[in-house]
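**Student:** Right, I'll just put the structure down here and ask away after.
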Amino acid sequence: MDYALQPEEATDGRRFEVGVLTQRLVSLRGELGGHDADELLFVLTGSGSAELDGAEHPLRPGISLSIPAGTAWTAGGDAYAVSVLVHEPDPSEGPAVVDCDEVEKGTATAGRQFVLGAPCASATQFVGLIPSGRAPDHFHYYDEVIYVLEGEGYLDISGEQAPVGPGTCIHLPKTLVHSLANTGDAEMRVLGVFRPAGSPAEAYYPDGTRAGV
């Protein structure tokens with residue numbers, strides 16, 4: 001399936017490059033940033049610290065960073081992260097760092113919840129919390145890339161299914177009807193970034209009806 005990329009299919013850290021979004025896996029060490037794009041990062045493994053905008057921030061799993069275009073920063077340690085570059089960025093209010101473990105959960109459709117990452121005017125980063133089961137088919141009015149953090153299941157698009165598990169990357173173009181199912185007993189966790197920025201709870205059924213929360 002064109003919309004799902006398994007970990008073994010890309011070993012160089014590069015994942016989806018789609019429109020204004022470039023999804024990568026990166027090491028957070030040394031001199032970083034300076035891109036002509038905004039960058040949203042989420043620490044997967046390891047630990048360390050980041051020197052950003054004159055302040056030092058800890059790096060550990062669950063830490064989200066929003067780095068505006070042109071911002072240079074440094075990091076030390078062995079942290080490893082999902083990076084999404086957002087090209088053609090909107091005006092920024094500056095960098096931000098958020099510990100997603102400390103953020104209040106929001107509610108989405110089909111009993112799903114989400115936690116917002118570091119704020120960015122160009123795109124929204126969130127961690128989606130998906131209970132066992134399959135959500136109804138739906139679509140969004142934004143382009144999205146997803147990285148599966150925990151859990152097992154499948155992506156269903158027009159009856160075609162692709163397995164998903166830790167490390168699977170997914171691209172959901174705007175208005176693509178889809179469903180992500182959790183086939184395990186435990187909660188599935190996914191990291192999503194979408195543009196334009198908005199609410200992860202905003203979804204529509206195939207007939208165009210807005211999905212209720």
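**Student:** What distance in nm separates the simple spin-label points at D2 and A55, each placed 7 Å from Cα in the Cβ direction?
**Tutor:** 4.3 nm
**Student:** According to a simple spin-label model (label point 7 Å from Cα along Cα-to-Cβ), what is the distance in nm between V18 and Y141?
**Tutor:** Placing both labels 7 Å beyond Cα along the Cβ direction yields 1.9 nm.
**Student:** Stokes-Einstein D for the chain at 37 °C, 0.692 mPa s, Kirkwood Rh over Cα pairs, in µm²/s? Let's see the in-between values first.
**Tutor:** On the way: Rh = 17.3 Å.
It diffuses with D of about 190 µm²/s by this estimate.
**Student:** Right, here's the next one. Roughly how many debye, to the nearest 20, is the charge dipole of the chain about its Cα centre, given +1 on each Lys and Arg Cβ, -1 on each Asp and Glu Cβ, and no other charges?
**Tutor:** Dipole about the Cα centre, nearest 20: 300 debye.
**Student:** Let me ask you something else. On average, how much accessible surface per residue is there in region 1-80, in Å², for a 1.4 Å probe, leaving out ligands, DNA and RNA?
**Tutor:** Counting only protein heavy atoms, the per-residue value for region 1-80 is 48 Å².
**Student:** Can you give the alpha-carbon Rg of region 86-190 over 2.2 N^0.38 Å, where N counts its residues? If you can, show how the numbers build up before the last one.
**Tutor:** Details: Rg = 14.4 Å, N = 105, 2.2 N^0.38 = 12.9 Å.
Ratio of Rg to 2.2 N^0.38 Å for region 86-190: 1.12.
**Student:** Are there trypsin sites (Lys or Arg not before Pro) in region 105-156 that DSSP marks as loop and that have at most 14 other Cβ atoms within 10 Å, and which are they?
**Tutor:** K105
**Student:** A follow-up question, please. Along the Cα→Cβ direction, 7 angstrom out, place labels at L176 and Q161. What is the inter-label distance in nm?
**Tutor:** So the two model labels end up 1.9 nm from each other.
**Student:** Right, next: For the chain, with the dipole built from +1 on Lys and Arg beta-carbon atoms and -1 on Asp and Glu ones, taken about the Cα centre, which of Q161, A10, P173 lies farthest toward the positive end?
**Tutor:** In the chain, that residue is Q161.
**Student:** Sticking with this one: Give me, ordered by chain and number, the residues 5 or more places off E152 or on other chains with an amide H under 5 Å from its own placed amide H.
**Tutor:** Close amide H contacts, sequence-distant or interchain: T183, G184.
**Student:** Kindly report the accessible area of region 107-167 per residue (heavy atoms of protein chains, probe 1.4 Å, no ligands, DNA or RNA), in Å².
**Tutor:** 38 Å²
**Student:** A follow-up question, please. Given q = 0.11, 0.20, 0.22 Å⁻¹, what are the Debye log10 I(q)/I(0) values for region 19-97, with equal point scatterers placed on the Cα positions and solvent ignored?
**Tutor:** For region 19-97 at q = 0.11, 0.20, 0.22 Å⁻¹, log10 I(q)/I(0) is -0.24, -0.80, -0.97.
**Student:** Then there is this: With θ set to phi - 60° and the Karplus curve 6.51 cos²θ - 1.76 cosθ + 1.60, what are the ³J(HN,Hα) couplings of region 141-147 in order, to the nearest whole Hz, using x for Gly and Pro?
**Tutor:** My calculation for region 141-147 gives 9, 9, 8, 9, 10, 10, 10 Hz in order.
**Student:** With a 1.4 Å probe and all protein chains left in place, how much of the accessible area of region 108-213 comes from carbon and sulfur atoms, in whole percent?
**Tutor:** 51 percent
**Student:** With a cap of 15 neighbouring Cβ atoms within 10 Å, and only residues DSSP puts in a loop, list the chymotrypsin sites (Phe, Trp or Tyr not before Pro) found in region 98-167. Please report the intermediate quantities before stating the final value.
**Tutor:** Numbers: sites: F114, F126, F139, Y141, Y142, Y147, Y154; in loops: Y141, Y142.
Sparse-neighbourhood loop chymotrypsin sites (Phe, Trp or Tyr not before Pro): Y141.
**Student:** If you don't mind, there's one more thing I want to ask. Label point 7 Å out from S199 along Cα-to-Cβ: which residues of region 91-116 have amide N under 13 Å?
**Tutor:** Only 106-109, 114 pass the distance filter.
**Student:** Here's something else I'd like to know. Not counting the cut sites, what is the longest span of the chain without GluC sites (Glu not before Pro) that DSSP labels loop and that have at most 13 other Cβ atoms within 10 Å?
**Tutor:** Within the chain, the longest run free of exposed GluC sites (Glu not before Pro) spans 105-213.
**Student:** Wrap a convex hull around the Cα atoms of region 1-49, take a quarter of its surface area, and give that in square nanometres.
**Tutor:** Working: hull surface 18.6 nm².
So the mean shadow area of the Cα hull is 4.7 nm².
The values are calculated or read from the model by the stated rules, or taken from the named source; none is laboratory data. In this text the structure is predicted, and so the values were computed from the model without any measurement. Backbone-built Cβ (ideal geometry, glycine too); neighbour counts: all protein chains shown. Areas reflect the complete protein model, heavy atoms only, side chains present, ligands, DNA and RNA absent. Shrake-Rupley method; radii C 1.70, N 1.55, O 1.52, S 1.80 Å.
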